[in-house]
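Colleague: First the structure, then my questions, so here it is.
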There are 2 protein chains.
Amino acid sequence: MSEEIKVQLTTKPGEKPDSNNLSFGKYFTDHMFIMDYHKDKGWYDPRIVPYAPIVIDPAAMVFHYGQAVFEGMKAYLTDSGKVLLFRPDQNMKRLNRSNDRLGIPEVDGEFVIEAIKKLIEVDKSWIPTEKGTSLYVRPFIIATEPCLGVRSSYTYQLMVILSPVGAYYSSGLEPVKINVESSYTRAVRGGIGFAKAAGNYAASIKAQENAKKEGYSQVLWLDAIEKKYIEEVGSMNIFFKIGGKVITPEINGSILEGVTRSSVLTLLQEWGVPVEERKLSIEEIYDAYKEGNLEEVFGTGTAAVISPVGELHWNEHTMEVNNGEIGELSQKLYDTITGLQSGHLQDTRNWTMTF
Amino acid sequence: MSEEIKVQLTTKPGEKPDSNNLSFGKYFTDHMFIMDYHKDKGWYDPRIVPYAPIVIDPAAMVFHYGQAVFEGMKAYLTDSGKVLLFRPDQNMKRLNRSNDRLGIPEVDGEFVIEAIKKLIEVDKSWIPTEKGTSLYVRPFIIATEPCLGVRSSYTYQLMVILSPVGAYYSSGLEPVKINVESSYTRAVRGGIGFAKAAGNYAASIKAQENAKKEGYSQVLWLDAIEKKYIEEVGSMNIFFKIGGKVITPEINGSILEGVTRSSVLTLLQEWGVPVEERKLSIEEIYDAYKEGNLEEVFGTGTAAVISPVGELHWNEHTMEVNNGEIGELSQKLYDTITGLQSGHLQDTRNWTMTF
């Protein structure tokens, strides 16, 4: 795609939020990127316009049949005033995998990255610089055709919105309490669990809210078939350090192929930490805990980066992990990845894109 | 809820479509119903307004995390000029079951039915009367809060839109070809399969499109765990007549509890046809076919009412059902249910609501 991106600047720039009190995804910048799709035209009319509500038919298929996918990444401002994006090519590849599963047309990933760069440049003054903050980038695609027949929509809109964010958990990098969910399931093989699709999150909210009421930050999902194997935690991948080895569930079609997950695997291999990607049951975790071998547990995801788990609750069992404190490896991974993302550590892996 | 429903009539009534060429869910009437929800206020401001695109923040949670549920029912105009709705109380009960699973607040079903009646009265002239046509009623609820944190939205909008429709399949009541889907799955126990949630349909589209390319109208879903037991077909429940007995999958948490399904079960019992609701494997169907006992297969749903299946394709096996013709029982069920729905048959079961 080579169409020029038109830019229409706002005449009423908004007030920037207090960088020390951002929370996650509550504030949005002055502009957004939009691109339309029609089955006879392909993607067309890429444009940057003032951030504003969109006008959409109540019969638009996204409201009825949920054709909606998204991505998430973070932009940082370096000390020298450049913008850094972390592995955006990986997000674009995943976006197209999600599109394929949901029957949404492919996008030109390189073009969308150019659009994202251009949008961030326009709203560069919105990138917060306090420790732990960044500009969260949310590309998403929705089905816009007004039609109640169940099929792929003929029209879509791809949008990118930007949100200055603080740490995902209001507590910052603090160990969280997790509840192992034994009734509800998130996804199953043959389904859409590997896609970053709106419907997966809708399926997760009820268990999440129940867990919150009981004092847990997130739920740990088990597989839908045997209700035994670890899948992921809330909206993150999960890692367990057991007896010096790090184990994470293998990619199986129902868990999300996280970009942070992949980066953590690469770092651990480089550091010489033994790593296994494989099926891992909740019983194995509990046995390791009883034997005193459950050393660290942490979630990985773009929003939280690394989220140490201080307590794991499974039926009548409560497993305290690392005395409820941040583990050494969790801290090192967090420091390394946020260091690379913010430009404080040198990128030797061609992971960051600077502009 | 007792708030008065405000009515703002359109000043530009639309042109009505040709009743002989309606297709499904393509045309919409002059007005729509809207009601808002805020967690501190509950449902408020119920109103009938001219049908128009809605204005919604691009960060609205429905676009990102898929909190969206819907219902579907049909309104008919009787020969004496009254409007008939078919078991709307059942739709409202299911809507609240869907709401509960998706973390969406409960609605007052009776109030929503009143709103639907009022809306239909306003747009009564849009109800088509040709055989096979009706006014499709689509209530739906979407999460509207602009926020990228994953949780239940604090705000929602319930809307009702109306669409004059023809037969769901352009071919009318003609037997369709169905492909048994062996790779993709629709839902699993513990998930949201029983809810009329947008995300379920998003998960189904890819298999559906693949089947279409091969010349099939719909896919028959198997259970996600053993990939063996019949679940439902496309967006309908399914029934098999085998050796004089009618069998349909039991309600198991992953299939939709159809209103037409329930009505068919009642009618069959009244007619003295032996009926079983139970687990039913695809092998059992194939065995019955080989023995010459697979007499009829039909889907049930609000959109198509009864959809006879003329051919079932499972891996390398093609099963022709009833010589590819409409079965006697399928036809009788179709005639009875559409007869009750349109007021041509007398309602002795308190199923219809007249106004």
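Colleague: So which strands (runs of 3 or more DSSP E) are wholly in the stretch B:171-256 and hold at least 3 residues that are within 23 Å of residue A:153 (Cα to Cα) and either at pLDDT below 90 or more than 11 Å from chain A (Cβ to nearest Cβ) (or both)?
Modeller: B:176-180
Colleague: So, one more: Taking the options B:133, B:155, B:129, name whichever one is among the hydroxyl-bearing types (Ser, Thr, Tyr), more than 14 Å from chain A (Cβ to nearest Cβ) and touching a strand residue (DSSP E or B) at 6+ places or on another chain (Cβ under 6 Å).
Modeller: Residue meeting the stated conditions: B:129.
Colleague: Return the only residue of B:150, B:180 being over 30 Å from residue B:5 (Cα atoms), over 15 Å from the mean Cα position of the chain (by Cα), surrounded by fewer than 24 Cβ atoms within 10 Å (Cβ to Cβ) and outside the structural domain of residue B:317 (by TED's automatic domain parsing).
Modeller: Going through B:150, B:180 in turn, just one is over 30 Å from residue B:5 (Cα atoms), over 15 Å from the mean Cα position of the chain (by Cα), surrounded by fewer than 24 Cβ atoms within 10 Å (Cβ to Cβ) and outside the structural domain of residue B:317 (by TED's automatic domain parsing): B:150.
Colleague: In addition: Is there a residue being buried (at least 22 other Cβ atoms within 10 Å of the Cβ), within 19 Å of residue B:16 (Cα to Cα) and touching a Phe, Trp or Tyr at 6+ places or on another chain (Cβ under 7 Å) anywhere in the stretch B:96-108?
Modeller: no
Colleague: Let me ask something additional. Restricting the search to the stretch A:221-233, which residues are under 19 Å from residue B:65 (Cβ atoms) and open to solvent by less than 10 Å² (accessible area, probe 1.4 Å)?
Modeller: Residues satisfying the conditions are A:221, A:232, A:233.
Colleague: Looking at (1) surrounded by 24 or more Cβ atoms within 10 Å (Cβ to Cβ); (2) without any contact (Cβ under 8 Å) to a residue 60 or more places away in the chain; (3) not assigned by TED's automatic domain parsing to the domain that holds residue B:331, which is the only condition residue B:156 fails?
Modeller: (2)
Colleague: Name, by its number, the condition in (1) of a type in the set (D, E, K, R); (2) at pLDDT 95 or above; (3) touching a strand residue (DSSP E or B) at 6+ places or on another chain (Cβ under 7 Å); (4) open to solvent by 10 Å² or more (accessible area, probe 1.4 Å) that does not hold for residue A:123.
Modeller: Single failed check for residue A:123: (4).
Colleague: Right, next: Condition first: closer than 25 Å to residue A:291 by Cβ and crowded, with 22+ Cβ neighbours inside 10 Å. Now tell me which residues in the stretch A:250-269 satisfy that.
Modeller: Within the stretch A:250-269, A:264 is the sole residue that qualifies.
Colleague: Does residue B:318 satisfy being open to solvent by 60 Å² or more (accessible area, probe 1.4 Å) and at pLDDT 95 or above?
Modeller: So residue B:318 passes the test.
Colleague: For residues in the stretch A:10-30 being of a type in the set (S, T, N, Q) and touching a Phe, Trp or Tyr at 6+ places or on another chain (Cβ under 8 Å), which is most open to solvent (accessible area, probe 1.4 Å)?
Modeller: Step by step, filter the stretch A:10-30, then rank; the result is A:10.
Colleague: May I ask you to verify whether residue B:129 is within 29 Å of residue A:196 (Cα to Cα) and surrounded by fewer than 22 Cβ atoms within 10 Å (Cβ to Cβ)?
Modeller: no
Colleague: Kindly provide the set of residues from the stretch A:330-355 that are within 23 Å of residue A:239 (Cα to Cα) and not in a loop (DSSP other than H, G, I, E, B), ordered by number.
Modeller: Across the stretch A:330-355, the qualifying residues are A:330, A:331, A:332, A:333, A:334, A:335, A:336, A:337, A:338, A:339, A:340, A:341.
Colleague: Right, here's the next one. Can you find a residue in the stretch B:107-118 that is in a loop (DSSP other than H, G, I, E, B) and either farther than 27 Å from residue A:210 by Cβ or modelled with pLDDT of 95 or more (or both)?
Modeller: Checked against the condition, which is being in a loop (DSSP other than H, G, I, E, B) and either farther than 27 Å from residue A:210 by Cβ or modelled with pLDDT of 95 or more (or both), the stretch B:107-118 yields at least one hit.
Colleague: Sticking with this structure for a sec: Listed residues A:245, A:206; which is open to solvent by 40 Å² or more (accessible area, probe 1.4 Å) and charged (D, E, K, R)?
Modeller: Matching residue, one of A:245, A:206: A:245.
Colleague: Mind listing whichever residues of the stretch B:40-76 are of a type in the set (D, E, K, R), more than 7 Å from chain A (Cβ to nearest Cβ) and open to solvent by 10 Å² or more (accessible area, probe 1.4 Å)?
Modeller: Result: B:40, B:41, B:45, B:47, B:74.
Colleague: Restricting the search to the stretch A:321-355, which residues are open to solvent by 40 Å² or more (accessible area, probe 1.4 Å), more than 20 Å from residue A:78 (Cα to Cα) and not charged (D, E, K, R)?
Modeller: Within the stretch A:321-355, A:322, A:323, A:326, A:331 qualify.
Colleague: Here is a further query. Scan the stretch A:297-315 residue by residue and report those that are over 30 Å from residue A:164 (Cβ atoms), open to solvent by 10 Å² or more (accessible area, probe 1.4 Å) and touching a Phe, Trp or Tyr at 6+ places or on another chain (Cβ under 9 Å).
Modeller: Residues satisfying the conditions are A:311, A:313, A:314.
Colleague: Same structure, new question: Residue by residue through the stretch A:15-35, note down the ones that are away from chain B (no Cβ under 14 Å) and either more than 25 Å from the chain's Cα centre (by Cα) or under 20 Å from residue A:108 (Cβ atoms) (or both).
Modeller: Listed by number, the list holds a single entry, A:15.
Colleague: Can you find, within the stretch A:272-284, the residue that is surrounded by the fewest Cβ atoms within 10 Å (Cβ to Cβ) among those that are closer than 10 Å to residue A:247 by Cα and in contact (Cβ under 8 Å) with a residue 40 or more places away in the chain?
Modeller: Top of the filtered list is A:279.
Colleague: Tally time: how many residues in the stretch A:306-355 are in contact with a Ser or Thr (Cβ under 6 Å, 6 or more places away or on another chain) and under 20 Å from residue A:220 (Cβ atoms)?
Modeller: Looking only at that region, the number is 2.
The values are calculated or read from the model by the stated rules, or taken from the named source; none is laboratory data. Since the model is a prediction, treat every value here as computed from it, not as a measurement. Note: ideal-geometry Cβ built from the backbone for every residue, glycine included; neighbour counts use all protein chains shown. In case anyone asks, the SASA skips ligands and DNA or RNA and just uses the protein heavy atoms, side chains included. Shrake-Rupley method; radii C 1.70, N 1.55, O 1.52, S 1.80 Å.
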